[in-house]
Amino acid sequence: MGPQTLNLPGADRPGSAGRPLPHARVRVDARGELMVAGALALGYIGQAPAAGEELATGDIGHIDAEGFVWVRGRRDNLIITGLGRNVSPEWVESCLRESPCIAQAVVLPDGTGALQAVVWPAADASDDDLDRAVARANRQLPDYARVGRCLRARRPLDAANGLATPGGKPLRGAIATAHAGPADAPKPTPHQQTPA
C-alpha cells in the first residue's frame, strides 16, 4: 500500500502522520480505528491506480480539526483496564521514554486490571531515577492510563534477546513471559514495592 498521508512544507504538524493525500480518504470508525479508502496503491506504470474497498489500518487515532491524522497505537495492542477503559500502550510508552533515564519501555496489563511497565534504563539510571521518571510520566496521563507498577528489565528489550522483531517492535508476549513469575521476577522500582 502506498502512502496515504503526508506532512508537507508549510502544512505539517510534528508528531502527526500528516494530512491525507489527494488520492486517499481517511476516516475514524466508531471504535477509533483509522480507515482508508480511495487509490490504495498507485499501481504499475501505464496502469490505473489500484482502488478497492475501505481498508482497516489496524491503527487507533484521530483526525484533528485541520485534517491532520494522529496515530496513538495499534488496535491489537489495546489494553482494557479494570475500569473498562481502552489504553494504547504506545501512548503511555512514549510518555515514559520522554525521560532521558529510560531507554526502552513496554506497557503491559498487570493481571489486576491496571498497567505495568517493563523498562530498560539508560546506562547510569538508578531505581530512584526510574521511580521519578514514572511519576513524571504519570502526571501527564489521565488516571486510567497511569503505570501502577514498573519493573526494571532483565536485559535490553531487543531482537538479540528475543524480545523485539528485527525492526525493533516489541514482542509483548515474550516480554510478559520473560518478566512474569513471583519467584524470579525483577524487583519493582522502590515506589512500587508491594507488601509480602
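What pairs come up if the first residue lies in the stretch 60-87 and is assigned to a loop (DSSP other than H, G, I, E, B), the second is surrounded by fewer than 17 Cβ atoms within 10 Å (Cβ to Cβ), and their beta carbons are under 6 Å apart, counting only those six or more places apart or on different chains?
Filtered contacts from the stretch 60-87: PHE68/ARG13; LEU78/ASN86; THR81/GLY113; THR81/TYR144; GLY82/GLY113; LEU83/TYR144; ARG85/TYR144.
Give me the pairs: first residue in the stretch 41-58 and within 26 Å of ARG31 (Cβ to Cβ), second residue modelled with pLDDT of 75 or more and outside any strand (DSSP E or B), beta-carbon distance under 6 Å, and six or more apart or on different chains, which are they?
GLY58/ARG75
Which residues, taken from the stretch 90-104, are out of contact with any Cys (no Cβ under 9 Å at 6 or more places or on another chain) and not in a loop (DSSP other than H, G, I, E, B)?
Selection gives GLU90, TRP91, VAL92, GLU93, SER94, CYS95, ARG97, ILE102, ALA103, GLN104.
So ARG155 fits all but one of (1) closer than 28 Å to GLY84 by Cα; (2) modelled with pLDDT of 90 or more; (3) touching a helix residue (DSSP H, G or I) at 6+ places or on another chain (Cβ under 7 Å); what number is the exception?
(1)
Kindly establish whether TRP70 is assigned by TED's automatic domain parsing to the domain that holds ARG25 and among the hydrophobic types (A, V, I, L, M, F, W, C).
In short, yes.
The values are calculated or read from the model by the stated rules, or taken from the named source; none is laboratory data. Note that the structure is a prediction, hence the values are computed from the model and not measured. Positions of Cβ are generated from backbone atoms using ideal geometry, with glycine treated the same way; all protein chains shown enter the neighbour counts.
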